Amino acid sequence: QVQLVESGGGLVQPGGSLRLSCAASGRIFRVDAMGWFRQAPGKQRELVAGITSGGSTNDVDSVKGRFTITRDNTKNMVYLQMNSLKPKNTSVYYCNAEVHSYAYTPFRTYWGQGTQVTISS
């Protein structure tokens with residue numbers, strides 16, 4: 001089994017910064033793409049940013065220039081640096097990962113439990 005654990009959420013004022021971390025552990029042979037999603041109350045979960053095992057990234061237009069996704073393949077971790085935060089960025093943030101638990105088997109997608117990010121003065 002594989003577990004993803006997020007950390008780094010909290011309450012910050014508008015214009016502030018937070019760095020989210022997500023660690024994957026368990027039966028892991030290889031991790032392919034990793035990503036960060038968010039879900040605000042009453043809304044669908046949406047992609048914030050994704051990163052391949054090779055380091056190629058993509059993110060939604062609303063966070064370009066403010067959020068940066070990175071990963072450490074040696075530790076099976078993914079990070080989301082969030083700067084210039086706005087109240088509308090308030091959400092529960094989830095990480096996910098495409099994990100191969102064994103060689104020559106397809107990946108499964110795993111999700112973390114989510115971490116609350118609240119932007120408020």
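Report whether or not Val92 is hydrophobic (A, V, I, L, M, F, W, C), over 17 Å from Val31 (Cα atoms) and open to solvent by less than 60 Å² (accessible area, probe 1.4 Å). Working first, answer last.
Details: hydrophobic (A, V, I, L, M, F, W, C): yes; over 17 Å from Val31 (Cα atoms): yes; open to solvent by less than 60 Å² (accessible area, probe 1.4 Å): yes.
So Val92 fits the description; yes.
For region 89-97, does any single residue satisfy the condition of being out of contact with any Leu (no Cβ under 9 Å at 6 or more places or on another chain), assigned to a strand (DSSP E or B) and not hydroxyl-bearing (Ser, Thr, Tyr)? Checking region 89-97: at least one residue is out of contact with any Leu (no Cβ under 9 Å at 6 or more places or on another chain), assigned to a strand (DSSP E or B) and not hydroxyl-bearing (Ser, Thr, Tyr). Looking only at residues in region 95-115 that are open to solvent by 30 Å² or more (accessible area, probe 1.4 Å) and touching a Ser or Thr at 6+ places or on another chain (Cβ under 8 Å), the one that is nearest to Ser53 (Cα to Cα) is Glu98. Contact annotation: residue pairs with Cβ atoms under 7 Å, 6 or more positions apart or on different chains, pairing a residue in region 1-29 that is among the β-branched types (Val, Ile, Thr) with a partner that is surrounded by fewer than 17 Cβ atoms within 10 Å (Cβ to Cβ) and in a loop (DSSP other than H, G, I, E, B), are Val2/Arg27; Val2/Ile28; Val2/Ser101; Ile28/Ser101. So which pairs qualify, if the first residue must be in region 51-79 and under 18 Å from Thr115 (Cα atoms), the second must be basic (Lys, Arg) and open to solvent by less than 70 Å² (accessible area, probe 1.4 Å), the Cβ gap must be under 9 Å, and the two must be at least 6 apart or on different chains? So the pair list comes out as Met77/Arg71; Val78/Arg71; Tyr79/Arg71.
The values are calculated or read from the model by the stated rules, or taken from the named source; none is laboratory data. Quick caveat, the model's predicted, so the values are computed rather than measured. No Cβ is skipped: glycine too gets one built from the backbone with ideal geometry, and neighbour counts run over all protein chains shown. Ligands, DNA and RNA are stripped out before the accessible areas are found, and what is left, the full protein with its side chains, is counted by its heavy atoms. Shrake-Rupley method; radii C 1.70, N 1.55, O 1.52, S 1.80 Å.
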